[in-house]
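Reviewing the structure listed below.
The values are calculated or read from the model by the stated rules, or taken from the named source; none is laboratory data. As the structure is a prediction and not an experimental result, all values here were calculated from the model. Quick reminder, even Gly has a Cβ in these numbers, built from the backbone with ideal geometry, and neighbours come from all protein chains shown.
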2 protein chains.
Amino acid sequence: MTGLQADAAAPADTVVVAAPTVRPRIGWLDDNLREAGWSIRSAVAAGARLIVLPELATSGYVFATPEEARASSIRADDARLRALSRELPDHAVAVVGFAEVAGDQLFSSAAVLSSTGVIATYRKTHLWGDEPRFFTPGDAAPPVVSTPIGRIGVAICYDLEFPEVPRSLALAGADIIVAPVNWPVVSRPSGERTPEIVLAMAAARASSVPIVISDRGDLERGVVFTGGSCVISHEGWMLAGEPRSDHLVMASINLAAGRSKAAGNHNNVFTDRRPDLYPRLLHQ
Amino acid sequence: MTGLQADAAAPADTVVVAAPTVRPRIGWLDDNLREAGWSIRSAVAAGARLIVLPELATSGYVFATPEEARASSIRADDARLRALSRELPDHAVAVVGFAEVAGDQLFSSAAVLSSTGVIATYRKTHLWGDEPRFFTPGDAAPPVVSTPIGRIGVAICYDLEFPEVPRSLALAGADIIVAPVNWPVVSRPSGERTPEIVLAMAAARASSVPIVISDRGDLERGVVFTGGSCVISHEGWMLAGEPRSDHLVMASINLAAGRSKAAGNHNNVFTDRRPDLYPRLLHQ
């Protein structure tokens with residue numbers, strides 16, 4: 001085995017990430033899954049090796065009834081979800097938001113796919129707005145998943161607005177955090193970014209970890225989505241996606257750059273922590 | 001006692017806050033203390049009832065030697081610090097960064113003053129850059145201080161960049177967080193805010209708590225300070241201070257608005273937390 005082959009098998013330090021959007025239609029589950037496949041395929045063709053699709057990409061978001069949400073849900077081991085992994089070359093990963101059914105319960109979930117199939121799923125733990133009408137919150141913390149391209153932390157939408165979540169993912173060793181989201185437009189002063197992006201930029205810098213967000217940018221049953229897909233560096237700066245992203249957002253990220261957690265010549269955003277002073281965080 | 005008098009004695013829901021800057025000179029301790037008094041007096045005259053001065057406002061920052069830092073330090077019960085409180089009317093509060101000496105140790109501290117004197121002090125717990133050459137980190141968590149105008153959370157400069165700190169202060173009941181800082185200019189992409197402000201905006205919104213930052217904007221021994229003084233609403237938006245603040249930053253803040261922690265019609269940034277999922281935060 002040559003050195004070149006060994007390098008090819010090791011996780012790359014630099015990865016091209018993409019956040020293609022989708023426009024799912026509620027009730028058109030098979031069409032939505034097919035569109036998800038096309039989105040992954042086009043991102044792969046453009047060179048991406050980490051592809052993040054929005055929250056509930058296969059189902060749509062604005063359900064009228066629990067029955068409609070149930071009809072839009074699939075099991076985590078559904079063959080159609082597994083089929084999406086066949087769009088991926090070796091050493092590539094996709095993260096796809098989907099409505100998951102498990103027995104009597106529905107979850108807003110994310111599947112982590114490699115060319116070998118579904119390698120992990122995560123069930124959203126912080127539910128927003130009307131979501132509790134349709135979904136049960138997950139009871140397992142957002143995970144860090146070892147993949148062919150590195151350790152990927154996964155959070156879904158509102159999860160990311162709790163500073164505890166991206167911080168915990170980074171402390172658990174995430175090289176990068178990915179967040180499938182559905183961000184309805186919220187009010188903000190003229191000239192400001194949508195506030196969810198401000199929070200994500202801060203989370204990235206605070207923990208020296210890059211973040212990829214995949215949002216919708218379309219209109220569904222009167223809800224306008226923000227089009228907030230973006231790629232944020234480990235220093236908290238925008239690499240791609242501004243100001244509004246309706247289509248394919250892409251950037252190259254150096255996963256090694258954030259790993260030292262260094263801040264200037266003297267500081268380190270992890271070892272400078274004083275966890276003995278933070279007991280309040282574990283209380284409700 | 002009339003209702004009007006009772007109202008006057010209760011904490012006001014709306015408070016005018018000010019972050020006057022100062023330009024201390026190392027070695028000119030008495031002059032610096034006098035300038036701090038003038039800054040408080042002018043902010044009070046302008047209507048402010050919460051006045052925040054920068055970190056190390058009475059000493060300067062860029063010390064050459066530990067001996068110089070020691071000569072610039074005062075005890076927390078120094079009469080000259082207490083004298084600053086006499087600039088305050090009833091129902092007003094000032095927070096002043098100072099170099100504190102206590103036995104053999106020096107601390108980068110903040111004093112919370114009311115018209116009755118020094119009501120609390122806090123010793124910076126997260127030290128930045130060269131500061132460990134001069135200062136010992138405090139061993140008590142950033143405090144929430146009950147004052148005539150409300151519960152004030154206090155953090156100093158680098159403290160605020162740990163998401164755990166503003167979150168813990170808000171969870172401990174802070175109506176407002178104040179942060180004396182000395183922010184040397186750091187690189188940032190064109191058109192972006194200084195990153196410390198991005199982190200502060202995110203911290204304010206994440207915990208629905210307003211934040212007041214008092215920075216220096218001058219030049220000291222080759223270090224250029226950012227002039228980042230600002231007032232941030234509980235929704236994370238700039239109320240005053242942009243883009244660069246060399247003098248007196250002022251705004252009126254409704255302290256009641258952030259207290260419900262409501263986010264939209266269905267959510268609450270505190271009760272939606274899942275502390276059972278955050279155990280990693282208490283580990284180093």
* Asked: Among the numbered criteria (1) more than 20 Å from A:Val22 (Cα to Cα); (2) surrounded by fewer than 22 Cβ atoms within 10 Å (Cβ to Cβ), which single criterion is violated by A:Arg205?
  -> (2)
* Asked: Among the listed residues B:Gly217, B:Gly191, which satisfies the condition of being under 21 Å from B:Ser109 (Cα atoms) and at pLDDT below 95?
  -> B:Gly217
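Which of the residues that make up the stretch A:86-112 are small (Gly, Ala, Ser) and surrounded by 21 or more Cβ atoms within 10 Å (Cβ to Cβ)?
Within the stretch A:86-112, A:Ala92, A:Ala94, A:Gly97, A:Ala99, A:Ser108, A:Ser109, A:Ala110, A:Ala111 meet the criteria.
Here are some residues: A:Val198, A:Val212. Which one is touching a residue at least 60 places away in the same chain (Cβ under 8 Å) and either at the interface with another protein chain (Cβ under 9 Å from one of its Cβ atoms) or in a strand (DSSP E or B) (or both)? Even if it seems obvious, please write down each step before you answer.
Working: A:Val198 fails: touching a residue at least 60 places away in the same chain (Cβ under 8 Å).
After applying the criteria, what remains is A:Val212.
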* Only one residue in A:Gly129, A:Gly138 is in contact with a strand residue (DSSP E or B) (Cβ under 6 Å, 6 or more places away or on another chain) and in a loop (DSSP other than H, G, I, E, B). Which one? -> A:Gly138
* Structure fact -> The one condition A:Ala179 fails out of (1) touching an Asp or Glu at 6+ places or on another chain (Cβ under 8 Å); (2) under 30 Å from B:Pro132 (Cβ atoms) is (2)
* Asked: Taking the stretch B:141-155 as the search range and keeping residues that are part of a loop (DSSP other than H, G, I, E, B) and more than 13 Å from chain A (Cβ to nearest Cβ), which one is surrounded by the most Cβ atoms within 10 Å (Cβ to Cβ)?
  -> B:Ile149
* Could you tell me whether any residue of the stretch B:83-94 is of a type outside the set (Val, Ile, Thr), in a loop (DSSP other than H, G, I, E, B) and under 29 Å from B:Arg221 (Cα atoms)? => no
* Mind listing just one residue for me: the one in the stretch B:166-185 that is within 9 Å of another protein chain (Cβ to nearest Cβ) and without any contact (Cβ under 8 Å) to a residue 40 or more places away in the chain and, of those, nearest to B:Thr226 (Cα to Cα)? => B:Ser168
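When you go through A:Phe162, A:Phe134 one by one, which is the residue that is crowded, with 20+ Cβ neighbours inside 10 Å and at the interface with chain B (Cβ under 9 Å from one of its Cβ atoms)? Working first, answer last.
On the way: A:Phe134 fails: at the interface with chain B (Cβ under 9 Å from one of its Cβ atoms).
The conditions single out A:Phe162.
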* Asked: Across the stretch A:225-256, which residue is surrounded by the fewest Cβ atoms within 10 Å (Cβ to Cβ) among those that are without any contact (Cβ under 8 Å) to a residue 40 or more places away in the chain and small (Gly, Ala, Ser)?
  -> A:Ala240
* Structure fact -> The correct count of residues that are more than 11 Å from chain B (Cβ to nearest Cβ), in contact with an Asp or Glu (Cβ under 7 Å, 6 or more places away or on another chain) and not in a loop (DSSP other than H, G, I, E, B) in the stretch A:243-283 is 1
